[in-house]
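None of the figures in this text is laboratory data; all of them are computed from the coordinates on show. All values reported here derive from a predicted model rather than from experimental measurement. Neighbour counts are summed over all protein chains in view; Cβ atoms, including those assigned to glycine, are modelled from backbone coordinates with ideal geometry.
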Amino acid sequence: MPFSAQPPASGERYALSASLDNARHLFSLLRAVHFQDHATCFATASGLRVTVEDAKCIQANAFIQAEIFQEFVVQEESVVFRISLSVLLDCLTIFGTSSLPGTSTALRMCYRGYGYPLMLFLEEGGVVTVCKINTQEPDELLDFDFCSTKVVNKIILQSEGLREAFAELDMSSEVLQITMSPDKPYFRLSTFGNAGSAHLDYPRDSDLMEAFHCNQTQTNRYKISLLKPSTKALALSSKVSIRTDAQGFLSLQYMIRNEDGQICFVEYYCCPDENITEAGL
Amino acid sequence: LSRIGDELYLEPTESGLSLRAVNSSRSAFASFLFAPLFFQLYEPGSTGPDTELFRCKVHMKSFLGVFRSLPSLEKSMGKCLILLKPRASRLVLQLHCKYGVTKTHNLAFQECERLQAVFDTQRCTSRLCAPARVLVEAVVHFPPTLAEVTLGTGPGGKISLRNYVEDEAEPSKTMVTELWLAEDEFQSVAVSPGSHITFCLKEFRGLLTFAEASNLPLTIHFDDPGRPVIFTLDDTVLEVHLVLATLSDLESDSQSPSTNGVSHLPAPSDDFADDLESYMAAMETSEGGSRGPPSPTFHLRTPQPAESDPEEEEEEEEEGAVPGTPPHKKFRSLFFGSVMTPGGPGPATTQEVLAEDSDGEW
């Protein structure tokens, strides 16, 4: 949909300017990491990364490559700012959250640089809304230092098999225990709630299992309240890769395909819960 | 069963797996007996001549939680394995789903005494049998919040259903709904004319939903007001009983409690089962004075401890000592029989008089 009201003339230099024909995809990706009010945005020539953290234990990143955008220009080497993700999401859906077929919200994002607000121009059906969202100093973020060489166990599953499991996790359990092993039970999700314990086992030869590379038996526990928000990312994704390193840090990477067949990634990193003892596993 | 009580009693027997529930005021009891043929495999466990099969109870919510999202479960679940592990104190429910995925739930359980209400369908003077659909269509006319309904038999074999209105309610502010069903709507009608019973509709609705879904005819066995009404569903592999207390029909409550459980009532004999029934009947008539036409006043009755065999007394006192029915519920609790020697005589195969739930929480 063409813009009927143009943003300020290009005489002004923007650190970041980007256009997107359909803001819905961006909205659903950002929603998948929205478990805290604030997020840190990074923009480089390759694209946009939005990071959310909590409790110094969990970090989620949404990656939107430059190719997804109709226009994506970053004038500085890197652009970083902290912003209210809640407000950003509200703005992206200013025309309503339900999308009628045939209509889409077009988006143009502009950021002048450090200290300036993020400008959003949203247009639908000829109506334009201009939003200015204040930006803040970016926080220092955790570096999980999770690289492929440090990975001990890795599996790739079709998301379809995990969706229901995550949606129905027994939230009366404090932890989600993940067992990965070259032997039985191969891949097991366990909860220990008020009703009793529950185990969900995925065999290595299951149709859902796209890749199975487990070298060592590992059992780690993570605070379930921290991992529960990842259910949104799981719901959007077609595949998920689950990796652990020697310290038990967990990496969940979700491959998300949009309507145009373009691929984006959302990842979650989580620290193992140290308070829980390993007795009786 | 979850409409009746918060706990699910599981009792494996030689004739199948029995799932039961009772409500907090002990005025409703339901049991579902799944015959061994219902299962692909049924092993109730080996027992010696003196040991009974293990039974337990679990929280209803915990058990139902295993089967939530039933529609997707129906599509994805292949088979379900239920294991009772007494030594580990766990009831294991293992669901084998598609893609080779296995869900194992280990539920904590509590040991319990046998839960069994005293009732005998053979002793009921009236019996109706109808397809569930007929009753569902009848009950839909009553508001979902309606607590009690009165079922009655009228002239020409017609059956009536009417909402029960408490006498304290103001006549000008109450709405009365009454509907009549012709005899031919029922599969069989064998009723004593002019009889009526009032029971809790809410508890009945649960069974009705099940009956409709399973497309089974529902049989209603009832007797005089105050005697329990028994709803049954029968299938080749399933037997369902729902026993509800009914409002009794007393004229006044001027009797002092001390006149109840009077000493002139017959002492139970060896044929305990029979006498239990007549004992209950005797207790009712002696307390109520003459059984006149139904009066507008229905009063709260609580079961009184009975003067009976000393060995039974403790358990009965336990029941009587408990505040029976709370004031706003007008139903007396169903009598839950005391321990009887297994294989004791009974007038019919449906007579089941067994141990009372004696874990003291009532």
Calculated FRET efficiency for the pair B:Arg87/A:Gln36, C-beta based, R₀ 45 Å, to 0.05
0.45
Anisotropy class of segment B:126-227 from Cα gyration tensor, a/c 1.5 cut:
oblate
Size of electric dipole in segment B:126-227: Cβ of Lys, Arg +1 and of Asp, Glu -1, about Cα centre, debye, nearest 20:
240
Using a 10 Å cut-off on Cβ to Cβ distances, tally the other chain neighbours for every residue of A:188-198 and report the average as a whole number.
5
Give the lysines whose C-alpha is closer than 27 Å to that of A:Lys239, dropping any in the same chain fewer than 8 places away, or say none.
A:Lys56, A:Lys150, A:Lys154, A:Lys184, A:Lys223, A:Lys228, B:Lys75, B:Lys79, B:Lys98, B:Lys103
Karplus 3J(HN,Hα) series, Hz, for segment A:127-132 with 6.51 cos²θ - 1.76 cosθ + 1.60 (x for Gly, Pro)
9, 10, 10, 10, 10, 10
In nm, what is the difference between 0.36 nm times the number of residues separating B:Thr209 and B:Ser24 and their Cα-Cα distance?
64.4 nm
What spacing in nm lies between the two simple spin-label points modelled at A:Thr149 and B:Val176, each 7 Å away from Cα in the Cβ direction?
8.9
Gyration tensor (alpha-carbon) shape descriptor, segment A:151-270, a/c threshold 1.5:
oblate
In segment B:66-85, whose amide N lies under 19 Å from the spot 7 Å out along Cα-to-Cβ of B:Lys98? List them in ranges.
B:67-81
Using the Karplus curve 6.51 cos²θ - 1.76 cosθ + 1.60 with θ = phi - 60°, what ³J(HN,Hα) values do you get for each residue of segment B:157-163, in whole Hz, with x for Gly and Pro?
x, 6, 10, 10, 10, 9, 6
Please compute the modelled spin-label separation between A:Thr217 and A:Glu67, points set 7 Å along Cα→Cβ, answer in nm with one decimal.
4.3
The answer for the net charge of residues other than A:Cys57 whose Cβ lies under 9 angstrom from its Cβ, with Lys and Arg +1 and Asp and Glu -1, is -1
Can you list the residues, at least 5 places off or on another chain, whose amide H is less than 5 Å from the amide H of A:Gly193, using H built in the peptide plane?
A:Ala198
Set the Förster distance to 35 Å, then compute FRET efficiency between B:Lys158 and B:Thr236 from the Cβ-Cβ distance, nearest 0.05.
0.60
